[in-house]
1. What single numbered condition from (1) part of a loop (DSSP other than H, G, I, E, B); (2) within 14 Å of residue 76 (Cβ to Cβ); (3) touching a residue at least 40 places away in the same chain (Cβ under 8 Å) fails to hold for residue 102?
2. In this structure, does residue 3 turn out to be more than 27 Å from residue 123 (Cα to Cα), of a type in the set (S, T, N, Q) and either at pLDDT 95 or above or not in a loop (DSSP other than H, G, I, E, B) (or both)?
3. For residue 11, are the conditions met, namely being modelled with pLDDT of 95 or more, on the phi < 0 side of the Ramachandran plot and either outside any strand (DSSP E or B) or not small (Gly, Ala, Ser) (or both)?
4. Could you tell me which residue of region 207-224 is farthest from the chain's Cα centre (by Cα), considering only residues that are in contact (Cβ under 8 Å) with a residue 24 or more places away in the chain and surrounded by fewer than 15 Cβ atoms within 10 Å (Cβ to Cβ)?
5. Checking the conditions here, which among 30, 19 is among the small types (Gly, Ala, Ser) and either crowded, with 19+ Cβ neighbours inside 10 Å or modelled with pLDDT of 95 or more (or both)?
6. Kindly indicate whether residue 248 is under 20 Å from residue 42 (Cβ atoms), touching a strand residue (DSSP E or B) at 6+ places or on another chain (Cβ under 9 Å) and assigned to a loop (DSSP other than H, G, I, E, B).
7. Within region 229-239, take every residue that is outside any loop (DSSP other than H, G, I, E, B) and over 21 Å from the mean Cα position of the chain (by Cα) and give me the one that is surrounded by the fewest Cβ atoms within 10 Å (Cβ to Cβ).
8. Please determine whether any residue of region 57-70 is more than 24 Å from residue 219 (Cα to Cα), out of contact with any helix residue (DSSP H, G or I) (no Cβ under 6 Å at 6 or more places or on another chain) and not in a loop (DSSP other than H, G, I, E, B).
Amino acid sequence: MKSLFLTLLLIPALFSGYGQRSAPDMLKTGMGSLTIQPIQHASLILSVHGLTIYADPTNPDNYKGLTAPDIILVTDIHGDHFDVKTIDAVKKAGTLLVVPQVVADKLPAADREHMVVLKNGDQTTQSGISIKAIPMYNLPESPTAMHTKGRGNGYVLGIGGKLIYISGDTQGIPEMRSLKNIDVAFVCMNLPYTMDIKEAANAVLDFKPKIVYPYHYRGSNGLSDVDAFKKLVEAGNKNIEVRLRNWYPGK
């Protein structure tokens, strides 16, 4: 377990120095066009109507030349999701941090002036964006699991009438499978940390997002077969659009 945790802490360093990121996608919302920018592994940027949201930023080099965030979402304490130095490097005056308590406990006291702490089930609205914290955890539930229930947050964002789901590190838990009316989902799939592609596809077929991005798909044995994930989802429901993007530039 200790070696697994250390591996997760090293992930941002392993991903540094990669090449060109994927081009952004656009989604029409009631607030205007939402820009969806894959960054790396678990990190992404959402931008709409002059508002910029970073999810799980790590490695400051990934954000050079990009607009500073108005909101930073952090899902969990592991190093591929949470890095104090990166947050300090990318934030601007007034950047709001939305985090679970376990992350808040590891941030400098100065950040608490611009912080919202959410536990599973909590919701806040910031700059016209609703943000709901969703459970994320391993199955079967265990106090020794890499991701225990209640520690970290997935998030569902309400942006201009669209619902965006960011899974964080989880398996195909009931709380994911029972989601409704999700327009865009970012779903993890990497063993042994989260779930395999079959479980991920099965969960996606249960909650039926309109668009799904497989992300967070590098595990201990390399990259998961996201092409196979796409085939499984499309075979089960041709109305779900699976978007394959390059979350590991240079690989």
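1. (1)
2. On the way: more than 27 Å from residue 123 (Cα to Cα): yes; of a type in the set (S, T, N, Q): yes; either at pLDDT 95 or above or not in a loop (DSSP other than H, G, I, E, B) (or both): yes.
In short, yes.
3. Numbers: modelled with pLDDT of 95 or more: no; on the phi < 0 side of the Ramachandran plot: yes; either outside any strand (DSSP E or B) or not small (Gly, Ala, Ser) (or both): yes.
No, not satisfied.
4. So in region 207-224, the residues in contact (Cβ under 8 Å) with a residue 24 or more places away in the chain come out as 207-221, 223-224.
Those left that are additionally surrounded by fewer than 15 Cβ atoms within 10 Å (Cβ to Cβ): 220-221, 223.
Working: 220: 19, 221: 21, 223: 17 Å.
Here the residue is 221.
5. Details: 19 fails: either crowded, with 19+ Cβ neighbours inside 10 Å or modelled with pLDDT of 95 or more (or both).
So the residue among 30, 19 that is among the small types (Gly, Ala, Ser) and either crowded, with 19+ Cβ neighbours inside 10 Å or modelled with pLDDT of 95 or more (or both) is 30.
6. Values: under 20 Å from residue 42 (Cβ atoms): yes; touching a strand residue (DSSP E or B) at 6+ places or on another chain (Cβ under 9 Å): yes; assigned to a loop (DSSP other than H, G, I, E, B): yes.
Yes; evaluated as a whole, the condition is true for this residue.
7. So the first thing to find is which residues in region 229-239 are outside any loop (DSSP other than H, G, I, E, B), and the list is 229-236.
After this cut, where a residue has to be over 21 Å from the mean Cα position of the chain (by Cα) as well, the list is 231-232, 234-236.
Working: 231: 14, 232: 18, 234: 14, 235: 10, 236: 14.
Only one residue tops the list, namely 235.
8. no
The values are calculated or read from the model by the stated rules, or taken from the named source; none is laboratory data. Predicted model only: the values in this text are computed from it and were never measured. All Cβ positions, glycine included, derive from the backbone under ideal geometry; neighbour counts span all protein chains shown.
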